[in-house]
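See below for the structure under consideration.
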Amino acid sequence: MKRSMLGMKQSLACALLLAVTPLPAGAANLVKTYSYFAIGGSTLEDIEAQLSKRGPEVKSTGMRHPGATQMAFTTRISYAQTSSSCRIADAVVTVKVKVILPEWRRPRKADADVRLFWDTLSADIKRHEERHVEIAKNHGRELEEALKATYPQKNCDAAKAKAAAITAAVLASHDRAQLQFDRVESVNFESRILRLLRYRMERIGNGQLPPA
């Protein structure tokens with residue numbers, strides 16, 4: 001069983017990479033929803049096959065993933081114009097995210113070690129996607145603050161161009177941060193899952209968690 005667990009971890013490490021699907025444009029305000037896809041199977045191999053078959057497809061990779069986060073950034077900007085200048089009077093950035101997670105329809109015949117591994121894996125998938133949401137929200141806040149801090153421009157066309165440039169720069173930084181997070185997570189996946197498995201087993205042994 002240990003060998004099959006390790007094999008599944010290695011393949012899932014690749015699947016977790018780039019499990020973020022950006023939608024149309026950049027969020028101090030956050031609107032978050034959850035969606036679940038059902039999987040079955042009584043063995044680790046069954047679960048891996050189900051995740052590969054039923055997981056959300058991410059356009060940037062062309063692959064299915066065990067989880068994904070779809071993001072849509074929207075920016076509302078108002079301008080104040082005088083006879084000699086135009087400035088951003090207010091900016092409100094909102095990020096709308098949809099977190100897509102697996103839901104295992106656990107068969108009665110599933111072994112305890114399979115249930116233990118699933119509980120550990122599913123919790124890590126959710127943590128991974130929630131971190132993507134946090135990265136997006138932080139960059140949304142950064143974008144909103146940057147827009148509000150801009151100096152007046154000679155006219156509103158120039159102010160709008162400045163807002164567009166700031167938005168593009170912050171969203172590019174956001175994309176890089178998401179990619180870097182995925183790279184780190186992928187490299188550390190196996191050691192992290194093993195550590196989480198040991199921790200969960202210790203908590204079960206200490207009576208802090210019910211048996212899997």
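The values are calculated or read from the model by the stated rules, or taken from the named source; none is laboratory data. Please read all numbers here as calculations on a predicted model, not as lab measurements. So basically every Cβ, Gly included, is an ideal-geometry build from the backbone, and we count neighbours across all protein chains shown.
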_the range 164-173, residues that are under 20 Å from the mean Cα position of the chain (by Cα) and either surrounded by 15 or more Cβ atoms within 10 Å (Cβ to Cβ) or more than 21 Å from Asn138 (Cα to Cα) (or both)_ = Val170, Leu171
*Considering (1) over 30 Å from Ala158 (Cα atoms); (2) surrounded by 13 or more Cβ atoms within 10 Å (Cβ to Cβ); (3) modelled with pLDDT of 85 or more, say which one Tyr34 fails and leave the rest.*
(2)
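Which one is modelled with the lowest pLDDT among residues in the range 174-210 that are within 20 Å of the chain's Cα centre (by Cα) and among the β-branched types (Val, Ile, Thr)?
So the first thing to find is which residues in the range 174-210 are within 20 Å of the chain's Cα centre (by Cα), and the list is 174-190, 192-193, 196.
Going one step further and asking which of them are among the β-branched types (Val, Ile, Thr), we end up with 184, 187, 193.
Values: Val184: 88, Val187: 81, Ile193: 72.
This residue is Ile193.
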*Would you confirm whether any residue within the range 67-74 is within 14 Å of the chain's Cα centre (by Cα) and at pLDDT below 90?*
no
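When you scan the range 121-141, do you find a residue that is assigned to a helix (DSSP H, G or I) and more than 20 Å from the chain's Cα centre (by Cα), even just one?
Within the range 121-141 (the criterion being assigned to a helix (DSSP H, G or I) and more than 20 Å from the chain's Cα centre (by Cα)), the answer is no, since none of the residues qualifies.
Out of all the residues in the range 153-163, which are surrounded by 12 or more Cβ atoms within 10 Å (Cβ to Cβ) and in a helix (DSSP H, G or I)? Break it down stepwise before answering.
At the first step, the residues of the range 153-163 found to be surrounded by 12 or more Cβ atoms within 10 Å (Cβ to Cβ) are 153, 155-156, 158-163.
Once the filter is applied, which keeps residues that are surrounded by 12 or more Cβ atoms within 10 Å (Cβ to Cβ) and in a helix (DSSP H, G or I), the range 153-163 yields Cys156, Ala158, Ala159, Lys160, Ala161, Lys162, Ala163.
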*Does the range 100-116 contain any residue that is charged (D, E, K, R), surrounded by 17 or more Cβ atoms within 10 Å (Cβ to Cβ), assigned to a helix (DSSP H, G or I) and at pLDDT below 95?*
no
*Mind listing whichever residues of the range 142-152 are surrounded by fewer than 19 Cβ atoms within 10 Å (Cβ to Cβ) and either under 14 Å from the mean Cα position of the chain (by Cα) or of a type in the set (A, V, I, L, M, F, W, C) (or both)?*
Ala146, Ala149
